[in-house]
Amino acid sequence: MMSERGGMSRRSVLKMMATASAAGAATGPWSAGRGFAAARLVVGAAYVGPKDDYGWNQGHAQGVAALKKIDGVKVVEEENVPETVQVQKTMESMINLDGATLIFATSFGYWEHMLKVAGKQPRVQFLHAGPTVWKEGMPTNAGSYNGYIDEAQYIAGIVAGYSSKSGKLGFVGAKPYPASLRNINSFTLGAQTVNPKATTQVIFTGDWVLPVKEAEAVNSLADQGIDVVTCHVDSPKVVIETAERRGINSSGYHVNQAVLAPKGYLTGAEWNWEKVYTDYVTWFQTGKSWPHIRRGGLKEGIVRNAPYGRPVSEKARKQADSAKAKFMDGTFVIYKGPMKDNSGKTVIAAGKSYDRTDVWLESMNWLVGGVIGSTGS
């Protein structure tokens, strides 16, 4: 299947098909709560960037690839679909020309566009990857899925805390929005269980894909004596490769980038979209009801940590594994008081704690003590 980058797009090819063929394509018999009656399920997936970006898009593409191994499932995909009305056209093409009855919209900015198409296509199920939440009054054939990836960042922070000789960690972020701040804070808190004096210098680039600024950020961090770097950008490729060239350790994000840094890769916080997508398809094929809102962390297998790299000591592995076990049995809470932000203000009082599902964490607008940077930078 051609991408938008390959010259002629998938949509352009499909438009050249006979009108009769397009009119004859089945839209599928699925309706909310009933499952799929058709013998063959056509699944569509749209990506905002390339499927081989070593990041957000590749993670989703790997999840969708797992569907191709399921009997009775056909997959149609399109990469480099912008977060504009274009994604609506892509979805409609998948439905009308390919017969898709299940659409995965894998970028945050697809949400409003997805809802518009869902309202016009009640026999098709639409699922969105992101923090957006389905509410009463929205199309009943729409939903969203996401995960508590900051749990995996906390584990990665423990590993970073052991691996850092300077106690200075670095974080390259795209934008200071709540999910990113939660990642930064959880990573830092994990590191501080090893070294209470550990700090995390944060640099925000301003957008999700800015390779030049990402490289500049890592170089700046390395110049400051920081010896472990992680990130929250769409494609960590540049961050990881630059860290490796500078001779400092790195912790990945989204998918496993170990191949990019054979000497300095420690671990990473990853999504397990393979489980999410195969679960949905299995539910739909068997007629099981589906959740409008799906969330989960390490315990549910929606997020995970990359295998430990060569620089990770046995002591680091042991503590990280111990913390992971507590997440798995549901006994561990990251955000509990007393806790102060990096301005010295108490943000969580002594005796107070916030479970990972608490909505208060979804609006996080502060950085924990030990983080160098601001939410406005």
Tally of residues being more than 29 Å from residue 177 (Cα to Cα) and not hydrophobic (A, V, I, L, M, F, W, C) across region 99-118
2
Tell me which of these residue 119 doesn't satisfy, since it passes every other one: (1) small (Gly, Ala, Ser); (2) over 30 Å from residue 312 (Cα atoms); (3) at pLDDT 95 or above; (4) open to solvent by less than 40 Å² (accessible area, probe 1.4 Å).
(4)
Members of region 317-334 that are within 13 Å of residue 299 (Cα to Cα), in a helix (DSSP H, G or I) and open to solvent by less than 70 Å² (accessible area, probe 1.4 Å)
323, 324, 325, 327
Would you pick out the residues in region 306-316 that are part of a helix (DSSP H, G or I) and either in contact (Cβ under 8 Å) with a residue 12 or more places away in the chain or not charged (D, E, K, R) (or both)?
315, 316
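A quick yes/no check of all residues on (1) surrounded by 12 or more Cβ atoms within 10 Å (Cβ to Cβ); (2) out of contact with any Ser or Thr (no Cβ under 8 Å at 6 or more places or on another chain); (3) more than 30 Å from residue 265 (Cβ to Cβ):
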{"position": "336", "(1), (2), (3)": "yes, no, yes"}
{"position": "343", "(1), (2), (3)": "no, yes, yes"}
{"position": "348", "(1), (2), (3)": "yes, yes, yes"}
{"position": "359", "(1), (2), (3)": "no, yes, yes"}
For region 127-155, how many residues meet the condition of being charged (D, E, K, R) and open to solvent by 20 Å² or more (accessible area, probe 1.4 Å)?
2
Checklist (1) outside any helix (DSSP H, G or I); (2) out of contact with any helix residue (DSSP H, G or I) (no Cβ under 8 Å at 6 or more places or on another chain) applied to residue 221, failing item:
(1)
Restricting the search to region 147-185, which residues are more than 23 Å from residue 237 (Cβ to Cβ) and polar (S, T, N, Q)?
166, 185
Working only within region 161-180, note down all residues that are open to solvent by 10 Å² or more (accessible area, probe 1.4 Å) and aliphatic (A, V, I, L, M).
179
Taking the conditions exactly as written (without any contact (Cβ under 8 Å) to a residue 24 or more places away in the chain and of a type in the set (Phe, Trp, Tyr)), does residue 332 satisfy them or not?
yes
Considering only residues that are at pLDDT below 95, part of a loop (DSSP other than H, G, I, E, B) and open to solvent by less than 20 Å² (accessible area, probe 1.4 Å), which ones fall in region 258-305?
none
Pick out the one residue from 184, 158 that is buried (at least 19 other Cβ atoms within 10 Å of the Cβ) and under 18 Å from residue 321 (Cβ atoms).
158
Positions within region 187-221 being free of Cβ contacts under 8 Å to residues at least 40 places away in the same chain, among the hydroxyl-bearing types (Ser, Thr, Tyr) and surrounded by fewer than 19 Cβ atoms within 10 Å (Cβ to Cβ), in sequence order:
220
On the basis of being touching a Leu at 6+ places or on another chain (Cβ under 6 Å) and either more than 30 Å from residue 326 (Cα to Cα) or in a strand (DSSP E or B) (or both), does residue 119 make the cut?
no
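The values are calculated or read from the model by the stated rules, or taken from the named source; none is laboratory data. Please read all numbers here as calculations on a predicted model, not as lab measurements. All Cβ positions, even for glycine, are placed from backbone atoms using ideal geometry, and neighbour counts span all protein chains on display. Remember, those area values only see protein heavy atoms, side chains included, never the ligands or the DNA or RNA. Shrake-Rupley method; radii C 1.70, N 1.55, O 1.52, S 1.80 Å.
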